[in-house]
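Read through the structure below, which is laid out as structure tokens, and then see the notes.
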Amino acid sequence: MNIEPFDAAIVGGSYAGLSAGLQLARARRRLLVIDAGQRRNRFAASSHGFLGQDGRPPQHIAADAQAQLRAYPTVRWLDASVTEATRTEGGFELRTHQGDAFSATRLVLATGVVDQLPPIEGLAERWGRAVFHCPYCHGYELQQGRIGVLARSELSMHHALMLPDWGQVTLFLDEAFSPSEQQLRELDARGVAIERARVRRVVEHATVELEDGRRLPMDGLFTLSWTRSATPLAEQLGCAIDQGPMGEFVRTDAMKATTVPGVFACGDLARAAGNVALAVGDGALAGAAAHRSLLFPSG
């Protein structure tokens, strides 16, 4: 079997992968980008907080960036899922679900993460529309209205204490944790209402229905999502994985290099938390670092 060779391959063609690819394409490197088409923010109607793109639909931002990257003559784009990544003497070999095989001297992982939400009825279908995780991304649009925080653990205190800058906050404890006396004083100082009844489900736009039958309408809800890597490729390659407060992420150094020589990681896959702007910056650094490593293998 002839395996098509590339200087670098990027797995994941969302914001981080596109940004990494632009650096390598502009360095005139032969580049392969393989993308499964599953952006993390595909559920959101608009993206916020990214300079120059504030308020645009995320699919439009990604489509424009993809068109710009694919215009470079050294770039090959493949719509596929990578099922296997292995180290070889000269770099790495990738295999797709379609059975295609490719080799690359350097590898950039930008596959993103999967959000695992609390098992509350009605929550998943409202994710990115009325249920969010990032106040900076979605808080402003709630127009200082009624904001609910669905607790998952004591970490939900972070949401509860931040979000009064964006609206009138109710913390739904849902038996996830019991605030200490100090935490109760902090919540009171921020004007946060506390609801201790169990949450039964979310209905209508963002109405929280409690086990005692009460319904509390909200303009938006925030909750923590646990995250896991969208693919097992980093583990297959032997990259070190760290556990953050909201899930796992690939360990990288300041230049986005993983613990496996020649493998770089960027975006939400390689951060404890992130957004579009951070993913783009991460990708730019990873792409430049991958190119630099081709020039100076021992540096």
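How far is helix 58-70 tilted, in degrees, relative to the longest principal axis of the Cα atoms in the chain, given as a value from 0 to 90 rounded to the nearest 10? So the inclination is approximately 10 degrees.
Name the shape class, rounded, prolate or oblate, that the alpha-carbon gyration tensor gives for segment 118-223, where a ≥ b ≥ c are the square roots of its eigenvalues, rounded holds for a/c under 1.5, and otherwise prolate holds if a/b is larger than b/c and oblate otherwise. Judged from the Cα gyration tensor, segment 118-223 comes out oblate (a/c at least 1.5, b/c at or above a/b).
Going toward the positive end of the dipole of the chain, with +1 on Lys and Arg Cβ and -1 on Asp and Glu Cβ, which of Ile10, Ala124, Phe172 do you reach last? Positive-end residue among those listed: Ile10. One equal scatterer on each Cα of the chain, no solvent, Debye formula: the resulting log10 I(q)/I(0) at q = 0.11, 0.15 Å⁻¹ is -0.70, -1.07. With r as the distance between the Cβ atoms of Arg42 and Ala67 and R0 = 22 Å, compute the FRET efficiency 1/(1 + (r/R0)^6) and round to 0.05. For R0 = 22 Å, the calculated efficiency reads 0.80. Backbone geometry of segment 15-27 corresponds, through the Karplus equation with coefficients 6.51, -1.76 and 1.60 at θ = phi - 60°, to 3J(HN,Hα) couplings of 4, 5, x, 5, 5, 4, x, 5, 5, 6, 5, 6, 8 Hz, x marking Gly and Pro.
Antiparallel as a % of all DSSP beta bridges within segment 118-223, to the nearest 5? Taking every DSSP beta bridge with both residues in segment 118-223, the antiparallel ones total about 30 percent. Here the dipole of the chain is about 760 debye; that uses its Cα centre as origin and unit charges on the Cβ of Lys and Arg (positive) and Asp and Glu (negative). 3J(HN,Hα) couplings calculated from phi for segment 191-196 with the Karplus curve 6.51 cos²θ - 1.76 cosθ + 1.60 (θ = phi - 60°) are, in sequence order, x, 8, 7, 10, 10, 9 Hz; Gly and Pro show x. About its Cα centre, the dipole of segment 118-223 is roughly 120 debye, where the only charges are +1 on Lys and Arg Cβ and -1 on Asp and Glu Cβ.
Secondary structure note: in the chain, about 40% of the DSSP beta bridges are antiparallel. Separation of segment 257-299 and segment 1-57, taken as the distance between their Cα centroids, equals 12 angstrom.
You can think of it this way: the chain between Ala193 and Glu125 has 21.9 nm of extra reach, that is 0.36 nm per residue less the Cα-Cα gap. Among Met255, Met162, sorting on how many other beta-carbon atoms sit within 10 Å of each Cβ, with the fewest leading, yields Met255, Met162.
Every read-out reported here was derived from the displayed coordinates using simple, explicitly stated rules and does not represent laboratory data. Bear in mind the structure is a predicted one, so any value in this text is a computation, not a measurement. All Cβ positions, glycine included, derive from the backbone under ideal geometry; neighbour counts span all protein chains shown.
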